[in-house]
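Notes to accompany the following structure.
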Amino acid sequence: AGPGGRPRQAAILRRLVAMLERVDASGALHAWRGFVRSEAERSQADHLARQEASSEHAIATLKRRHSVEARELSAQLEQEIEALTSSLEGQRDAAAQLQE
């Protein structure tokens, strides 16, 4: 068990003993099954909440990474556009000098 596993087990056993003391055997079995079901549902809900938090974290990480990559790509494209513009202006100027 993880941290706090033993105290949790002890608490569960104390609850079982308390149920057994309060009700007859068939009632205790019914109460225990209900308790086990509620514990299973709570455990599943905790697991789903952890999965959801993990998914949200992964999505946020991907969004940040995408944003960084998009900015880097944008900067590269701007540099390429500037280089092409400069090259075209140079070619235009050279053509203009040849015509003169």
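The values are calculated or read from the model by the stated rules, or taken from the named source; none is laboratory data. Given the structure is predicted, the values throughout are model-derived calculations rather than measurements. Note that we place each Cβ from the backbone using ideal geometry, even for glycine, and neighbour counts take in every protein chain shown. To get the accessible areas, we keep the full protein, side chains included, count just its heavy atoms, and leave off ligands, DNA and RNA. Shrake-Rupley method; radii C 1.70, N 1.55, O 1.52, S 1.80 Å.
Brief remarks on what is shown
- Of all residue pairs spaced 6 or more apart or on separate chains, those with beta-carbon atoms under 6 Å, a first member in region 29-44 that is in a helix (DSSP H, G or I) and a second member that is open to solvent by less than 50 Å² (accessible area, probe 1.4 Å) and at pLDDT below 85 are ALA31/MET19.
- The one condition in (1) exposed (fewer than 10 other Cβ atoms within 10 Å of the Cβ); (2) at pLDDT 90 or above that GLN99 fails to fulfil: (2)
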